[in-house]
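The values are calculated or read from the model by the stated rules, or taken from the named source; none is laboratory data. Note that the structure is predicted; figures quoted are calculated from it, not measured. Ideal geometry is used to build each Cβ from the backbone, glycine not excepted, and the neighbour counts take in all protein chains shown.
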Amino acid sequence: MIRFLTAGESHGPALTGIVEGVPAGVPLTADDLNEHLARRWLGYGRGGRSKIERDKVRIDAGVRFSKTMGSPIALHLPNASHKKDKAGWPETMAVEGTGEGIEKVTLPRPGHADLVGTQKYGFDDIRPVIERSSARETAMRVACCSVARQLLRELGIEVGSHVVRLGEVGYETPEDWADAVQALIDEGGARAVYEAADASETRMLREDLTEECIAHIEATKKAGDSLGGQYEVVVTGVPPGLGSYVHWEHRLDGQLGHAIMSIQAQKAVEVGNGIAGAYRPGSRIHDPITEDENGRLRRTSNNAGGIEGGTSNGMPIIVRGFMKPIPTLIKPLGTVDIASREPQPTRYERSDVTSVPAASTVAEATVALTIANAVLRKYGGDSFAELSDRFMRETSEN
Ligand SMILES: Cc1cc2nc3c(=O)[nH]c(=O)nc-3n(C[C@H](O)[C@H](O)[C@H](O)COP(=O)(O)O)c2cc1C
């Protein structure tokens, strides 16, 4: 099982990650991770920070001659804004000293972790809550999960995503984009899906929707507001048999739900056409089984999103995430000063108008880790050679 830990504040000097449980012999370089870190900055509607950070992770341990060694992998990612901003972050985020003279943040933003964070940890200053609840954490998370993604790539499993809605603009139903995604899968698996999405400023597959969304983001920004949206993550090359129905924590759909919902501001998740399934009769949802010309059992549709009984069925895995609008708004919302207890309007800090395109790339990463762990649980191995031998032998029979 691959697990990882991250440490680091949004405006501290750096983010740190440790990834443990990766078999020895997986080809890995910092560039493999940096490719996905750069993709996390994609998307129209990002705030000023996207112009400051040039995320480049450094591998400090666990890799030798571009191959993992089976030992923990240590990652280091500096926060460029710590020094480049004029906001005095080295003083505000100093590890030592008393903090005397540093202004406290006392106006909690509705929809953010500000108020609950102070209530939980007993702070009279919201700064520590802002620093760790910030989605800056997802930079190191993407780096850590991209190690697992690299392992999957070596086995022919790819993860991709695309945005399907931003606020009021987007496709109406999954049927509207299914053919476009299937054509990309046929062309080059989930990698073709993410490459096509990356070519759009909103990570959408249709040019007219991209343009409409950019106008929607601009209008929202002018109104001092923010937007949420929806995206789809697709995994291809998945063999049948990952996950299990035998116990609740082995269910792959449950694990994927956690993978998406663990990302800041993600408020709903759908596996396959799960939502439509709640409204339609079974005969219009369950995917008929057929035998193909090679004697393999296949589905003629994929409403189940590649998972039945908590177990992958060999069809592409499809998971959709729903993100709420960004809580930091130019337009003030009502709040209460936690020091004076006076009602006050919120104050604006530099922020995105929407981060759905970025969130979709973070979701790719967390889904990749989940699938990699399901692969390791089924096929195991201390070295990549052991793992891939077993994987190739057993999947060629399905
Ligand atoms: C990629 C990404 C970027 C985000 N950027 C911002 C931002 O610029 N400003 C903001 O207020 N919230 C942003 N958020 C959302 C907050 O991190 C999130 O709402 C907050 O941590 C509270 O958690 P919750 O929404 O899950 O309750 C972002 C989230 C993601 C996934």
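The figures follow:
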quantity: Boolean, I275 is surrounded by fewer than 20 Cβ atoms within 10 Å (Cβ to Cβ) and outside any loop (DSSP other than H, G, I, E, B); calculated: yes
quantity: Flag for F65 being closer than 30 Å to S383 by Cα, of a type in the set (F, W, Y) and surrounded by fewer than 17 Cβ atoms within 10 Å (Cβ to Cβ); calculated: yes
quantity: Residue check, K120 touching a helix residue (DSSP H, G or I) at 6+ places or on another chain (Cβ under 9 Å), in contact (Cβ under 8 Å) with a residue 24 or more places away in the chain, over 30 Å from A385 (Cα atoms) and surrounded by fewer than 16 Cβ atoms within 10 Å (Cβ to Cβ); calculated: no
quantity: Any hit, the stretch 299-311, residues being crowded, with 24+ Cβ neighbours inside 10 Å, in contact (Cβ under 8 Å) with a residue 24 or more places away in the chain and part of a loop (DSSP other than H, G, I, E, B); calculated: yes
quantity: Failed item in (1) more than 10 Å from the ligand (Cβ to nearest atom); (2) not in a helix (DSSP H, G or I), with V353 passing the rest; calculated: (1)
quantity: Single residue of I102, I2, I18, I59 found to be out of contact with any strand residue (DSSP E or B) (no Cβ under 9 Å at 6 or more places or on another chain) and more than 16 Å from the ligand (Cβ to nearest atom); calculated: I102
quantity: The stretch 230-265: number of residues that are within 16 Å of the ligand (Cβ to nearest atom), of a type outside the set (A, V, I, L, M, F, W, C) and surrounded by fewer than 16 Cβ atoms within 10 Å (Cβ to Cβ); calculated: 2
quantity: Residue within the stretch 332-347 that is crowded, with 17+ Cβ neighbours inside 10 Å, more than 30 Å from V181 (Cβ to Cβ) and within 16 Å of the ligand (Cβ to nearest atom) present; calculated: yes
quantity: Tally of residues being over 16 Å from R251 (Cα atoms) and out of contact with any strand residue (DSSP E or B) (no Cβ under 6 Å at 6 or more places or on another chain) across the stretch 367-398; calculated: 19
quantity: Qualifying residue in the stretch 166-175 (condition: buried (at least 16 other Cβ atoms within 10 Å of the Cβ), under 17 Å from I318 (Cα atoms) and not charged (D, E, K, R)); calculated: yes
quantity: Residue list for the stretch 291-321, restricted to those being in contact with a Lys or Arg (Cβ under 6 Å, 6 or more places away or on another chain) and either farther than 16 Å from G257 by Cα or within 16 Å of the ligand (Cβ to nearest atom) (or both); calculated: D292, M315
quantity: Considering residues of the stretch 266-290 that are within 16 Å of the ligand (Cβ to nearest atom) and of a type outside the set (S, T, N, Q) only, the residue nearest to T354 (Cα to Cα); calculated: K267
quantity: Test: residue in the stretch 263-270 that is within 28 Å of R296 (Cβ to Cβ) and free of Cβ contacts under 8 Å to residues at least 24 places away in the same chain; calculated: no
quantity: Residue among D208, D225 that alone is in a loop (DSSP other than H, G, I, E, B) and at pLDDT 95 or above; calculated: D225
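Residues checked against (1) buried (at least 18 other Cβ atoms within 10 Å of the Cβ); (2) of a type in the set (A, V, I, L, M); (3) assigned to a helix (DSSP H, G or I):
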residue	(1), (2), (3)
L37	yes, yes, yes
G47	no, no, no
D55	yes, no, no
G70	no, no, no
A74	no, yes, no
H82	yes, no, yes
A87	no, yes, no
